[in-house]
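**Q** Below: one structure in structure tokens.
The values are calculated or read from the model by the stated rules, or taken from the named source; none is laboratory data. Note that the structure is predicted; figures quoted are calculated from it, not measured. Note that we place each Cβ from the backbone using ideal geometry, even for glycine, and neighbour counts take in every protein chain shown.
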Amino acid sequence: MVNQRRQALVFGLGVLGLAILVGVGIAIGAGGSSLRRPFSASPQAPLPTATATLSPTLTLTPEPTETPIPTPTYTPVPPTLTPPNRPTLAPVAFASDASADAVDFNALVPLTTTLAGVDIQAAGFDEAGHLLAELPEELAAQVADWAPADNLILWMRLHTAVPVEQAGIVYWLFALDTDGDLETGRPVGDGLINPDMGAEVTLGVHSNPATGLQFEPYMSIWDQARAESKRYELTAEMKFSPEREILFLRVPKLKLGELLSELSNVEPEWERTVGRAAILFEAENGLAVDFCPDIPE
Ligand SMILES: [Ca+2]
Ligand SMILES: [Ca+2]
């Protein structure tokens, strides 16, 4: 009984649904045909376009993975232990001389003097008397304008500065055996300054207040034919260090070589040259001399 009623209800509902569907279908068909007006004379308002409003798509960009920033690692640079490739300059070993060691020129006994600027402290020879090929670096800067290739540059350093004016006669001088040969030049032992060398030339600076001379360059060359030393004029230049404790002397090698060849019959070899610096001066007690290197006893 119940089932019959349910079936009847279902059937009734089905018929009703079908009737509604047919009605709607007819209505839609009529409406559709009424919209088609291709030759309409009057402008038509544009049909509203059914625009589907789309929700913007939210695109989720994945969070970038945070890559850890690498910590820079600093490799410590070890200090350079090897010095740059520079030629090491060998210290120039020049001859040094004691202070207050001047001797009486005739008696060769120690002599005290209070004069300034007449006591050698060092000179441009080694202890054996070989002429140094180069000046010590700190001295070379003071005669940087003297071309060493063209000039013979001699120097001596003093324990006390040279006064602007000398009280008595002074010779600051250098004697040179320019070929390092004992058999040539002024004979060995002929002078006090050359007991161990055959010197061809003596050059230096001379002061004599009595005659008005102050620091006059001079030169004596051994004249082989006459067996005597002879004064020659030659362009020589003298210079003091700013403190007047170093005396520099310059003479052109070429011109000196020509004179030595002509007068001494010697061809100078500067790398074989030996020599000695000396100061001959008028002390309170008489004529005195200081040598560097010292003369052998
Ligand atoms: Ca001395
Ligand atoms: Ca000689």
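**Q** If Ala122 satisfies all but one of (1) among the small types (Gly, Ala, Ser); (2) within 30 Å of Arg226 (Cα to Cα); (3) touching a strand residue (DSSP E or B) at 6+ places or on another chain (Cβ under 8 Å), what's the number of the condition it fails?
**A** The one condition Ala122 does not meet is (2).
**Q** Also, quick follow-up: In region 120-130, how many are part of a loop (DSSP other than H, G, I, E, B) and crowded, with 17+ Cβ neighbours inside 10 Å? Spell out how you get there, then give the answer.
**A** Applying the first criterion (part of a loop (DSSP other than H, G, I, E, B)) to region 120-130 yields 124, 126-129.
Right, trim to crowded, with 17+ Cβ neighbours inside 10 Å and you get 124, 129.
The total comes to 2.
**Q** Kindly provide the set of residues from region 132-170 that are modelled with pLDDT of 95 or more, of a type in the set (D, E, K, R) and in a loop (DSSP other than H, G, I, E, B), ordered by number.
**A** Asp145, Asp150
**Q** Taking the residues in region 217-264 that are among the small types (Gly, Ala, Ser) and within 38 Å of the chain's Cα centre (by Cα) as candidates, determine which candidate is nearest to ligand 2 (Cβ to nearest atom).
**A** It comes out as Gly257.
**Q** Which one of these is assigned to a loop (DSSP other than H, G, I, E, B) and within 16 Å of ligand 1 (Cβ to nearest atom): Leu182, Leu173, Leu108? Before the answer, list the steps.
**A** Values: Leu182 fails: within 16 Å of ligand 1 (Cβ to nearest atom); Leu173 fails: assigned to a loop (DSSP other than H, G, I, E, B).
On inspection, the qualifying residue turns out to be Leu108.
**Q** For region 117-166, how many residues are of a type in the set (Phe, Trp, Tyr), more than 16 Å from ligand 2 (Cβ to nearest atom) and in contact with a Cys (Cβ under 8 Å, 6 or more places away or on another chain)? Outline the logic, then answer.
**A** First, the residues of region 117-166 that are of a type in the set (Phe, Trp, Tyr): 125, 146, 155.
Checking the rest, the ones that are also more than 16 Å from ligand 2 (Cβ to nearest atom) come to 146, 155.
After this cut, where a residue has to be in contact with a Cys (Cβ under 8 Å, 6 or more places away or on another chain) as well, the list is none.
Selection size over region 117-166: 0.
**Q** So which residues in region 194-245 are hydroxyl-bearing (Ser, Thr, Tyr) and assigned to a loop (DSSP other than H, G, I, E, B), if there are any at all?
**A** Thr211, Tyr232, Thr235, Ser241
**Q** In addition: Would you confirm whether or not region 226-246 contains a residue that is free of Cβ contacts under 8 Å to residues at least 60 places away in the same chain, hydrophobic (A, V, I, L, M, F, W, C), buried (at least 16 other Cβ atoms within 10 Å of the Cβ) and touching an Asp or Glu at 6+ places or on another chain (Cβ under 7 Å)?
**A** Checked against the condition, which is being free of Cβ contacts under 8 Å to residues at least 60 places away in the same chain, hydrophobic (A, V, I, L, M, F, W, C), buried (at least 16 other Cβ atoms within 10 Å of the Cβ) and touching an Asp or Glu at 6+ places or on another chain (Cβ under 7 Å), region 226-246 yields no hits at all.
**Q** Looking for whichever is over 18 Å from Glu271 (Cα atoms) and more than 27 Å from the chain's Cα centre (by Cα) here; the options are Leu182, Leu139, Leu173, Leu131. Which one fits?
**A** Leu173
**Q** Also: Among the residues of region 90-119, write down those that are surrounded by 12 or more Cβ atoms within 10 Å (Cβ to Cβ), polar (S, T, N, Q) and over 28 Å from Leu132 (Cα atoms).
**A** Thr113
**Q** Can you report the number of residues in region 265-290 which are away from ligand 2 (no atom under 16 Å from the Cβ) and of a type outside the set (A, V, I, L, M)?
**A** Of the residues in region 265-290, the ones away from ligand 2 (no atom under 16 Å from the Cβ) are 277-290.
The next check asks that each one be of a type outside the set (A, V, I, L, M); those that pass are 281-282, 284-286, 290.
Within region 265-290, residues that are away from ligand 2 (no atom under 16 Å from the Cβ) and of a type outside the set (A, V, I, L, M) number 6.
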